[in-house]
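The values are calculated or read from the model by the stated rules, or taken from the named source; none is laboratory data. Just so you know, these numbers come straight off a predicted model, no measurement behind them. Reconstructed Cβ throughout: ideal geometry from the backbone, glycine too, with neighbour counts over all protein chains shown.
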Amino acid sequence: MHVTRLKYVAILIVMGLCASTAQAVKPPLNRDTLTEGRRIYEQACAWCHGIGGEGDGPAGWFIGRYSSPRPRNFVKDGYKLRSTASGELPTDQDLFKVITRGIPGVMPSYRSLNEQERWQVIAYLKSWNPAFKEEQPVPLTFPSGPQGPTEAGIQNGRNLYVKYDCRVCHGDNGEGDGPEATAGHLRDTYELPIRATKLTDPSSFKNGASPQDIFRTLMTGMDGTPMPAYANEFAGQEEALWELVWYLRSLSGQEGS
Amino acid sequence: MGISVVPPILIRPGGKLTHIMTSSQTSSPQSHSEQATTVGATYSVTSLLFFATLLLAVQETTLVRAEPPTGTLSGRIMYAGPAIPDQVFEVNRDSAFCGAQATIRAVAIHLKTRGLEGAVVSIDGDATSLPLPPPPPLVLTNNRCSFTPRVAVGIVGQQVEIRNEDPVMHNTHISMGPRTFVNVAMIPASRPVGKPLKQPGIYTVKCDAHKFMQANVLAFAHPYFSVTDETGAFRIPDLPAGEHHVTIWHETLGTIHQTVTISAQGQTSMTLDYPNHAAARKP
């Protein structure tokens with residue numbers, strides 16, 4: 001128990017250091033930043049997201065033309081991968097994380113850009129959507145210090161998986177073959193067919209596969225898809241949500257963190 | 001404007017009321033008594049002008065602060081076009097509770113009045129500067145595998161409160177265009193979920209778990225809107241007098257526009273026949 005706690009404290013410290021490092025090189029929002037962001041964007045992003053950020057770049061026109069996901073339209077789309085409540089914009093850190101990590105099976109990682117360049121691109125792509133000037137995205141509070149899985153906790157997670165109808169989309173064993181998915185009923189915001197995530201394959205998790213990532217995804221939902229947010233359902237019962245996380249991890253034979 | 005015609009008045013430290021003499025007045029060769037009479041007369045005229053101006057200013061202020069004249073717009077929206085078939089969905093999930101089929105009415109017409117239910121009548125315009133009391137939450141309930149109400153109207157900032165009264169799980173997914181407003185899981189006996197309306201416009205409401213569940217929320221930046229009842233009647237009170245552009249929206253029939261002139265302190269009536277579906281959608 002003591003070792004587990006120390007491990008999570010260490011993770012939090014490392015995460016905090018990463019965040020503060022990223023923040024440290026964040027350039028001020030001015031014309032130079034936007035000009036540089038535009039230059040990088042047009043080299044690295046416009047091929048899919050389009051020169052005007054409308055998700056209609058030369059490659060993007062083919063990607064997701066008939067099935068989701070389509071490259072994001074930075075002018076008017078919402079965002080799937082966030083730490084904020086459903087319907088809210090992502091924080092700058094959320095955008096930084098996506099650009100840094102990429103999205104498995106969809107978008108490459110852009111670690112090849114240095115941190116300042118990633119921040120410059122973020123400033124530029126945000127400039128297309130006036131909502132970023134009007135709204136102040138606030139991340140949800142995610143409790144730290146999960147106690148790690150137990151047999152009883154995983155079993156309770158399984159009960160929650162059934163209670164919350166997760167299997168209707170993701171399948172009884174998390175293979176992404178639930179009745180709604182196999183019937184082709186799942187659609188994104190553009191009515192494009194969308195697949196349910198195969199929970200037995202963590203490498204395909206778009207929002208990350210660590211326990212914290214899964215916890216966050218359950219809390220925030222995936223805007224623009226049928227995956228709803230569960231923050232309201234688990235408010236004050238975060239321990240139960242962690243049990244669901246442990247169950248989801250167990251579907252791919254993973255335990256704990 | 002009126003104040004500028006009055007000679008400037010000073011109250012000196014001694015408390016004596018005087019006015020600043022102009023150069024022509026100081027050079028006039030008059031006797032002491034004549035000067036006293038002239039000064040007395042000047043004081044009288046000045047005082048008169050001062051109080052008259054003050055009175056005018058007070059009246060002007062009173063006029064500015066008075067409530068602008070308002071009236072009420074009421075009437076009925078009707079539909080006499082061709083019948084529009086209802087949508088019928090096969091229910092493939094929770095059919096034991098939701099039923100084997102779900103029917104979505106395209107239009108709801110009152111038999112006696114031919115009135116159209118669920119049309120939203122609103123005044124075109126920007127945000128109001130009037131102080132408004134905080135409106136009660138706009139409750140949107142998952143009830144018997146449908147949304148109640150089917151059409152909800154509210155003002156920007158008003159809380160939308162989502163509830164689930166069904167023994168089955170729903171997800172209430174509200175969007176405006178491609179952007180999600182909120183998408184929340186609502187299991188049986190969920191606690192209500194609230195979120196304030198962010199911007200004016202038409203929000204679509206659906207449940208991804210039950211595709212046949214549909215509703216709309218219309219948000220406005222001002223309080224001048226009304227949704228027609230089952231007889232097609234609507235009423236918008238406290239509308240500033242004058243000419244207004246009115247928009248009428250219906251989820252199936254589309255949007256039409258009308259101009260009305262609201263008379264002060266009175267009722268203005270507007271009865272409108274909705275054109276048929278195809279005509280309404282023409283630009």
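Some observations on this one:
- Residue that is farthest from the other protein chains (Cβ to nearest Cβ) [pool: residues in the range A:152-171 that are free of Cβ contacts under 8 Å to residues at least 24 places away in the same chain and touching a Gly at 6+ places or on another chain (Cβ under 6 Å)]: A:167
- In the range B:62-78, the residues that are basic (Lys, Arg) form Cβ pairs under 6 Å with partners that are surrounded by fewer than 16 Cβ atoms within 10 Å (Cβ to Cβ) and at pLDDT 60 or above, at six or more places apart or across chains, as follows: B:76/B:271.
- Count of the range A:57-82 residues which are more than 10 Å from chain B (Cβ to nearest Cβ), of a type in the set (A, V, I, L, M) and either on the phi > 0 side of the Ramachandran plot or surrounded by fewer than 19 Cβ atoms within 10 Å (Cβ to Cβ) (or both): 2
- Some residue of the range B:188-199 being crowded, with 17+ Cβ neighbours inside 10 Å, of a type in the set (S, T, N, Q), more than 19 Å from residue B:158 (Cβ to Cβ) and free of Cβ contacts under 8 Å to residues at least 40 places away in the same chain: yes
- When each of B:121, B:139 is tested for being crowded, with 21+ Cβ neighbours inside 10 Å, outside any loop (DSSP other than H, G, I, E, B) and either free of Cβ contacts under 8 Å to residues at least 60 places away in the same chain or in contact with a strand residue (DSSP E or B) (Cβ under 9 Å, 6 or more places away or on another chain) (or both), the lone residue that passes is B:121.
- Among the residues making up the range A:181-208, those that are in contact (Cβ under 8 Å) with a residue 40 or more places away in the chain, more than 18 Å from residue A:70 (Cα to Cα) and not in a loop (DSSP other than H, G, I, E, B) are A:202, A:203.
- Test: residue in the range A:169-178 that is in a helix (DSSP H, G or I), at pLDDT 95 or above and under 26 Å from residue B:91 (Cα atoms): yes
- Condition broken by residue A:217, with the remaining ones in (1) under 16 Å from the mean Cα position of the chain (by Cα); (2) part of a loop (DSSP other than H, G, I, E, B) satisfied: (2)
- Per-region count, the range B:165-177, residues surrounded by fewer than 18 Cβ atoms within 10 Å (Cβ to Cβ) and either assigned to a strand (DSSP E or B) or not small (Gly, Ala, Ser) (or both): 2
- Sole residue being charged (D, E, K, R), surrounded by fewer than 16 Cβ atoms within 10 Å (Cβ to Cβ), touching a residue at least 24 places away in the same chain (Cβ under 8 Å) and more than 25 Å from residue B:162 (Cα to Cα), chosen from A:243, A:255: A:255
- Within the option set A:124, A:164, A:110, being of a type outside the set (S, T, N, Q) and under 17 Å from residue A:249 (Cβ atoms) holds for one residue only, A:164.
- Failed criterion for residue A:132 (all others in (1) assigned to a helix (DSSP H, G or I); (2) in contact with a helix residue (DSSP H, G or I) (Cβ under 6 Å, 6 or more places away or on another chain); (3) away from chain B (no Cβ under 13 Å) hold): (3)
- Failed item, numbered, when residue A:245 is tested on (1) facing chain B (nearest Cβ under 10 Å); (2) assigned to a helix (DSSP H, G or I); (3) touching a Pro at 6+ places or on another chain (Cβ under 6 Å): (1)
- Search result, residues across the range A:84-99 that are out of contact with any Leu (no Cβ under 8 Å at 6 or more places or on another chain) and either within 14 Å of chain B (Cβ to nearest Cβ) or without any contact (Cβ under 8 Å) to a residue 24 or more places away in the chain (or both): A:86, A:87, A:88, A:89
- Considering the conditions (1) surrounded by fewer than 19 Cβ atoms within 10 Å (Cβ to Cβ); (2) over 13 Å from the mean Cα position of the chain (by Cα); (3) at pLDDT 95 or above, residue B:241 is excluded by exactly one of them, (3).
- Which listed residue, of A:139, A:226, A:211, A:149, is in contact (Cβ under 8 Å) with a residue 40 or more places away in the chain and farther than 24 Å from residue A:103 by Cα: A:149
- Residues in the range A:215-230 that are more than 8 Å from every other protein chain (Cβ to nearest Cβ) and in contact with a helix residue (DSSP H, G or I) (Cβ under 8 Å, 6 or more places away or on another chain): A:215, A:218, A:219.
- Being more than 14 Å from chain A (Cβ to nearest Cβ) and polar (S, T, N, Q) is a property that holds for residue B:271.
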